[in-house]
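Take a look at the structure below.
The values are calculated or read from the model by the stated rules, or taken from the named source; none is laboratory data. Because the structure is predicted, anything quoted here is derived from the model rather than measured. Cβ coordinates were reconstructed from backbone atoms using ideal geometry, including for glycine residues, and neighbour counts include every protein chain displayed. Quick note on the areas: whole protein, heavy atoms, side chains included, nothing else; ligands and nucleic acids left out. Shrake-Rupley method; radii C 1.70, N 1.55, O 1.52, S 1.80 Å.
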Amino acid sequence: MKQSMLYPCTNAHRSFASLDGLWKMQFDPASDGITQNWQDGLPDPFSMPVPASFADVFTEKEKRDYCGDFWYETKFYLEADDGRDVILRFGSITHRATVYINGVCAGFHEGGFTPFVLNITELVRFGNRNRITVRVNNELNETSIPCGTTKVRKDGSRLAQPYFDFFNYSGIQRSVHLLKVPKEAILDYDTAITLNGSDAVISYQVKTSGEHSVSAEIFDRKGNRVCANTGKSGELLIRDARLWNVRDAYLYTLVFRILDDNGGEIDKYPARLGVRTIEVKGNRILLNSREVYLKGYGKHEDFEVIGRQFSWTVAKRDFELMKWTNANCFRTSHYPYAEEWYQMADEEGFLIIDEVPAVGMMRSLMNFAAAGAGGKDTRFFTADTVPQLQKNHKEQLEEMILRDKNHPSVIAFSIFNEPETTYPEARDYFAPLFALARELDVQKRPLTGALLVNSTPGKDTCAELCDFISLNRYYGWYILGGPDLNDAEGAFRAEVDAWRPICENKPLIFTEFGADTHAGEHKLPSVMWAQEYQNECYEMNFRVMDSYDFVKGELVWNFADFQTTEGIMRVNGNKKGIFTRNRQPKDAAFLLKKRWEQK
Ligand code: EVA
């Protein structure tokens with residue numbers, strides 16, 4: 001295990017301070033900060049909140065679109081040494097970061113959507129002020145997850161060119177914590193759940209950094225202890241277990257302690273436990289042995305001004321809107337979200353398909369258009385960059401599973417979004433990633449990946465790796481939109497017919513479908529971009545989906561309008577939201593609310 005990803009907590013042994021606030025920042029377009037010793041202090045900084053996506057706070061285009069190296073700096077006071085380790089934890093820095101403590105390099109991390117921790121005990125000055133400097137880089141290339149390229153313009157400035165359809169928000173986008181943890185500490189744990197009649201057996205494994213023994217206890221919501229065991233691994237039996245269910249999310253508390261030889265406590269970590277099982281049987285998805293139909297959204301972490309920064313208030317609004325439409329599920333398209341999203345989903349009883357940032361694995365700007373528009377094969381998985389890409393992909397996958405594996409809300413992992421899966425090298429690339437996920441996830445959740453329009457039976461090489469099939473399909477938008485909607489229905493049915501033999505034994509869900517819609521636009525009869533058309537397009541899609549009993553879920557694209565790169569295909573962003581970017585309903589929200597009430 002690379003690092004402990006446990007979310008910070010406070011108790012008699014652990015404490016943390018938030019380092020969020022106003023930091024200093026400076027762009028480094030010549031990438032010579034290091035040679036000029038910026039790690040010892042930024043020469044000409046401006047102020048910047050942390051966490052934040054820096055882009056949308058600026059009024060100047062060069063700053064919003066800045067691509068390259070940039071630096072952050074802050075200082076913190078550390079009290080006297082109390083014998084515990086001092087750990088610096090970044091919720092995420094997009095996309096790569098080198099961290100310096102008092103001018104000395106403490107570590108490097110690549111991957112913009114997962115946390116990383118650095119043990120800085122040896123680098124800090126106790127009873128003193130300390131400086132953190134971070135050199136960040138937000139360039140995209142074909143080994144980065146997500147993929148893209150970086151263009152150098154005539155004046156030498158760089159511009160990110162994503163192979164994906166969302167703005168390349170970057171910076172220190174999630175919270176920074178300074179933790180103190182005991183030298184002998186709980187590092188990680190796993191749980192796997194089996195239901196036995198009305199009882200539940202929880203097998204657990206705990207990793208610590210020492211040899212002392214561990215105790216495990218489960219408490220119910222009222223604080224009553226319901227079972228206990230000792231040992232770094234073992235089983236816990238909950239009699240008459242209250243299950244965790246959709247919109248009925250009962251959570252127990254699971255407490256691990258490291259005990260010394262006299263029974264004294266060395267460390268303690270309390271976690272929430274939702275008792276639920278998830279499995280695919282034949283072509284059904286079973287939650288607690290009962291079939292569940294997935295209804296909901298592909299989302300983004302995206303909001304006005306704050307970009308990709310997590311906001312408890314926006315997230316709460318999103319959950320309220322999802323509940324209002326009777327949804328039960330969302331996919332974290334196209335990257336792992338801030339940890340707080342999963343905590344909220346655990347509480348609210350929402351199902352999550354957790355996606356690694358493997359998007360843009362096709363040489364096409366904005367990812368969605370090429371194949372739909374009859375684009376050519378780019379043989380993406382035959383390039384020299386592939387071994388390094390796969391290494392990064394594995395690391396991102398491992399970090400996501402390590403971080404999210406104990407959330408009851410997480411019911412599946414998605415290993416990719418719309419790669420070019422139409423030739424055998426794609427399968428060679430993905431098979432080891434699926435194998436890795438199966439090995440790492442003790443709960444053995446179903447695995448999937450979202451397939452692009454040209455990944456159809458006979459052409460696609462990766463669907464067989466998936467436990468359930470996920471299709472992104474834009475019949476009535478990129479394919480046969482507007483006046484051709486009737487033909488779109490026929491073409492859509494023909495494709496779903498072709499999936500039937502595969503789906504005799506595998507569930508099929510739709511992870512994307514929808515139509516760009518301008519919130520202010522109405523037209524009778526409808527035209528594309530008007531609200532009436534978004535409803536008609538959804539009605540057509542639902543008619544088709546309802547005619548196939550192996551269709552087991554529908555996640556519309558997208559929950560809300562979101563920001564993308566500028567271009568002729570996008571009107572200040574992607575407008576396929578069911579809600580506007582500031583979270584007000586378009587007409588389609590009422591359609592979904594009604595449909596999902598009955599579904
Ligand atoms: C779209 N289509 O065109 C969406 C994209 C998304 O935003 C896709 O997976 O196929 C992509 O990222 O609106």
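Kindly list the number of the only condition in (1) open to solvent by 60 Å² or more (accessible area, probe 1.4 Å); (2) outside any helix (DSSP H, G or I); (3) of a type in the set (S, T, N, Q) that fails for GLN388.
Exception for GLN388: condition (2).
Of the conditions (1) more than 16 Å from the ligand (Cβ to nearest atom); (2) in a strand (DSSP E or B), THR143 satisfies every one except a single condition; which number is it?
Unmet for THR143, out of (1) more than 16 Å from the ligand (Cβ to nearest atom); (2) in a strand (DSSP E or B): (2).
From the list TYR478, TYR474, pick out the single residue that is in contact (Cβ under 8 Å) with a residue 60 or more places away in the chain, open to solvent by 40 Å² or more (accessible area, probe 1.4 Å) and not polar (S, T, N, Q).
TYR478
Under the condition of being more than 19 Å from SER409 (Cα to Cα) and in contact with a Cys (Cβ under 9 Å, 6 or more places away or on another chain), which residue from the range 443-473 is farthest from the ligand (Cβ to nearest atom)? Steps first, answer last, please.
Step one: list which residues in the range 443-473 are more than 19 Å from SER409 (Cα to Cα), which gives 450-466, 469, 471-473.
Imposing the further condition that a residue be in contact with a Cys (Cβ under 9 Å, 6 or more places away or on another chain) reduces the set to 451, 455, 469.
Working: LEU451: 10, SER455: 11, ILE469: 15 Å.
Ranking the qualifying residues of the range 443-473, first place goes to ILE469.
Just give me the residues in the range 442-462 being more than 20 Å from PHE330 (Cα to Cα) and in contact (Cβ under 8 Å) with a residue 40 or more places away in the chain, in sequence order.
VAL442, VAL453, ASN454, THR456, PRO457, GLY458, THR461, CYS462, listed by residue number.
Quick check, is CYS503 within 16 Å of the ligand (Cβ to nearest atom) and either surrounded by 15 or more Cβ atoms within 10 Å (Cβ to Cβ) or among the aliphatic types (A, V, I, L, M) (or both)?
no
Would the range 553-572 turn up any residue that is open to solvent by less than 60 Å² (accessible area, probe 1.4 Å), more than 12 Å from the ligand (Cβ to nearest atom), over 23 Å from CYS462 (Cβ atoms) and out of contact with any Phe, Trp or Tyr (no Cβ under 6 Å at 6 or more places or on another chain)?
No, because not a single residue in the range 553-572 is open to solvent by less than 60 Å² (accessible area, probe 1.4 Å), more than 12 Å from the ligand (Cβ to nearest atom), over 23 Å from CYS462 (Cβ atoms) and out of contact with any Phe, Trp or Tyr (no Cβ under 6 Å at 6 or more places or on another chain).
Across the range 526-551, what is the total count of residues that are open to solvent by less than 20 Å² (accessible area, probe 1.4 Å) and not polar (S, T, N, Q)?
11
Give the residues of the range 474-500 that are within 16 Å of the ligand (Cβ to nearest atom) and among the β-branched types (Val, Ile, Thr), sorted by residue number.
ILE479
Conditions: (1) open to solvent by less than 50 Å² (accessible area, probe 1.4 Å); (2) farther than 30 Å from LEU78 by Cα; (3) under 24 Å from the mean Cα position of the chain (by Cα). TYR189 meets all but one. Number of the miss?
Every condition holds for TYR189 apart from (2).
Which residues, taken from the range 421-459, are open to solvent by 30 Å² or more (accessible area, probe 1.4 Å) and charged (D, E, K, R)?
Residues satisfying the conditions are GLU425, ARG427, ASP428, ARG438, GLU439, LYS444, LYS459.
Residues that are within 30 Å of the chain's Cα centre (by Cα) and of a type in the set (Val, Ile, Thr): does the range 27-35 have at least one?
Taking every residue of the range 27-35 in turn, none turns out to be within 30 Å of the chain's Cα centre (by Cα) and of a type in the set (Val, Ile, Thr).
Can you spot a residue in the range 498-508 that is closer than 25 Å to ASN417 by Cβ and basic (Lys, Arg)?
Taking every residue of the range 498-508 in turn, at least one turns out to be closer than 25 Å to ASN417 by Cβ and basic (Lys, Arg).
Kindly state which strands (runs of 3 or more DSSP E) lie completely within the range 164-274 and contain at least 2 residues that are of a type in the set (Gly, Ala, Ser). Please lay out each step first, then the result.
Working: elements: 176-181, 186-196, 199-208, 213-219, 225-230, 233-238, 252-259, 265-273.
It comes to 199-208, 213-219, 233-238.
Starting from residues that are modelled with pLDDT of 95 or more and of a type in the set (Ser, Thr, Tyr), keep the ones in the range 399-440 and report whichever is nearest to ALA345 (Cα to Cα).
SER409
So which strands (runs of 3 or more DSSP E) are wholly in the range 1-109 and hold at least 2 residues that are open to solvent by 20 Å² or more (accessible area, probe 1.4 Å), at pLDDT 95 or above and out of contact with any Asp or Glu (no Cβ under 9 Å at 6 or more places or on another chain)?
Qualifying strands (runs of 3 or more DSSP E): 15-18, 21-28, 46-50, 69-78, 85-90.
On the basis of being surrounded by 17 or more Cβ atoms within 10 Å (Cβ to Cβ) and more than 22 Å from LYS281 (Cβ to Cβ), does PHE492 make the cut?
Taking the combined requirement at face value, the residue satisfies it.
Quick one: in the range 362-398, of everything that is more than 16 Å from the ligand (Cβ to nearest atom) and among the basic types (Lys, Arg), which residue is modelled with the lowest pLDDT?
Among them, the one singled out is LYS376.
Can you name the residue in the range 196-254 that is over 15 Å from PRO408 (Cα atoms) and among the basic types (Lys, Arg) and is also most open to solvent (accessible area, probe 1.4 Å) among such residues?
Here the residue is LYS222.
If you check LEU508 against the conditions, is it buried (at least 20 other Cβ atoms within 10 Å of the Cβ), within 14 Å of the ligand (Cβ to nearest atom) and among the hydrophobic types (A, V, I, L, M, F, W, C)?
So LEU508 does not fit the description; no.
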